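What follows is calculated from the coordinates using simple rules that are stated; it is not laboratory data. These numbers were taken from a predicted model, which means no experiment stands behind them. Reconstructed Cβ throughout: ideal geometry from the backbone, glycine too, with neighbour counts over all protein chains shown.
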Amino acid sequence: MPATIDKSTLAFLADLTQNNTREWFNEHKKRYEEARKNYIGFLDEMLEHMQVFEPVALNQSGKDLVFRIYRDVRFSNDKRPYKDHFGAYVAEGGRKSINPGYYLHLAGNNNSFVAGGLWMPPAEQLKAVRQEIDYNLNEFKSIVEAADFKKRFGNLNGEQLKTTPKGYDKENPAIGYLRFKSWNATMPISDKVVLSAGFMDVVIDAMKALKPLNDFLMQPLKDMGEE
């Protein structure tokens, strides 16, 4: 039997959304620990499946992929102490890596999703990716505008510049993609699918579909490292 997500795990996350206080969390710490354990168990099996097509998954473990549930509220107007979801990132260099990767977001109230791509890279990496898209626009479009890709993920999302990036002409045929500061593809997943026996297959199929995008975005970063 493939690993599954327990109903109690989603129920805990949904309840946390409504009761985001230290008092409530401390009273329900056991529920949190059980939910986290369930999620990590799912991730461990997910990594095994990923290793078949994604070498980055080798030698990683579920517990190392998971982001802390405690929010850093020091510089935020939002003072809620906890995230209302579990998140895990698979990438070369681990979950804090700036490299493109795969993200699994687990949340109650039909707010789960699988995502991939590159999130807010530093200036030099951002410049290198823009150049790669500019030079290889047809290859990039063949990935992100493919019918199957769009059916799963819709259009690419991510923060964008309102103006034209420095060094590029607004008539550049790639300008729609060059304005991005993050290149992300996201597939929403309902609670019904999350709790189904086939959830693992859904996640793995989505990650296989994300791999060409991640490989494309990784190439200029590899080239930077080799210079």
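Taking every DSSP helix (H) stretch of at least 4 residues in the chain, weighting each as -39,500 (n - 2.57) and dividing the sum by the residue count yields a mean residue ellipticity at 222 nm of -14500 deg cm²/dmol.
Enter the Cα centre distance for the pair segment 161-184 and segment 99-125, rounded to the nearest angstrom. For segment 161-184 versus segment 99-125, the Cα centre distance is 21 Å. The charge dipole of the chain, taken about the Cα centre with unit charges on the Cβ atoms of Lys, Arg (+1) and Asp, Glu (-1), comes to about 840 debye, rounded to the nearest 20. Between the C-alpha center of segment 34-82 and that of segment 193-227 there is a gap of 16 Å. When the pairs Lys63/Lys208; Lys96/Lys162; Lys63/Lys192; Lys63/Lys96 are compared against a 18 Å limit on Cα-Cα distance, Lys63/Lys208; Lys96/Lys162; Lys63/Lys192 fall above it. Legend: P(r) of segment 90-181 from all alpha carbon pair distances, 5 Å bins from 0, whole percents, reading 2, 12, 19, 23, 21, 13, 7, 3, 1.
Computed over Cα pairs, the Kirkwood radius of segment 7-226 leads via Stokes-Einstein (0.692 mPa s, 37 °C) to a diffusion coefficient of 176 µm² per second. Among the GluC sites (Glu not before Pro) in segment 130-175, those placed in a DSSP loop whose Cβ has at most 15 other Cβ atoms within 10 Å are Glu145, Glu159, Glu171.
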